[in-house]
Every structure is written in structure tokens, then in C-alpha cells.
Amino acid sequence: ISLQASNPGQFEHDSDVLWQRGAAPEAIAYHGHVGINTDTPDEALVVCGNAKVMGRVMHPSDSRAKQNIREVDTNEQLRRITQMRLVEYDYKPEFASVMGIKDT
């Protein structure tokens, strides 16, 4: 999607899907995939590069949205964990420097 701001609150682009004002006065809505630094997003939002979040990233988890909640067999879960392959690694210096990783 290529976007061009023509005036505040309005966008023009080459598809039929439109940006819309959201229910809240400060919100906008787009029904489709949005890419930042990519023109081929394959998820609702794809950011190619660093993202700075000044608040929290929320992952709602509420029992009212779930069903079939049940206790698990902890011995079985521990057995499954012991079968996992656990590794340690260092980032390659060239990758770490590009990504801003100090402790490789």
C-alpha cells in the first residue's frame, strides 16, 4: 500500500480499502495489512526496523474469552520440558551492530 497524505485526516492510495476515522477522536482505522519499511506486509502490522514503545504492549488474557479451562498434569509437562533442546548462543558482531545489540 502506498499512502500519500493529502490533508490531515484523509489519505489517498491505490486500493479500495480506506483509512477511516476511528470511534475515538484520536484514532484511525485501516482494514487490511500495514507495512512500515516494507511493501509486502503479511500480518496486520509488520515493522521492518526498530519500534519504540513508550507504553505497554498488551496481550489480553481473560477467562471470560476462554473455554475448556482445566488443570494440567504437571509431571507430564515437566517430562515434555526435559525433551526440549535448549541452547545458548552469541550474536554475530555484524548483526549485533546493525540491530543495536550491545551484549552479544
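How many of the residues making up segment 75-96 are open to solvent by 90 Å² or more (accessible area, probe 1.4 Å) and of a type in the set (Ser, Thr, Tyr)? Number satisfying all stated conditions: 2.
Return a yes/no flag: does segment 45-63 have any residue that is in a helix (DSSP H, G or I) and of a type in the set (Lys, Arg). Among the residues of segment 45-63, not one is in a helix (DSSP H, G or I) and of a type in the set (Lys, Arg), which makes the answer no.
The values are calculated or read from the model by the stated rules, or taken from the named source; none is laboratory data. Not measured: the values here are computed from a predicted model. Accessible surface areas use protein heavy atoms only, side chains included; no ligands, DNA or RNA. Shrake-Rupley method; radii C 1.70, N 1.55, O 1.52, S 1.80 Å.
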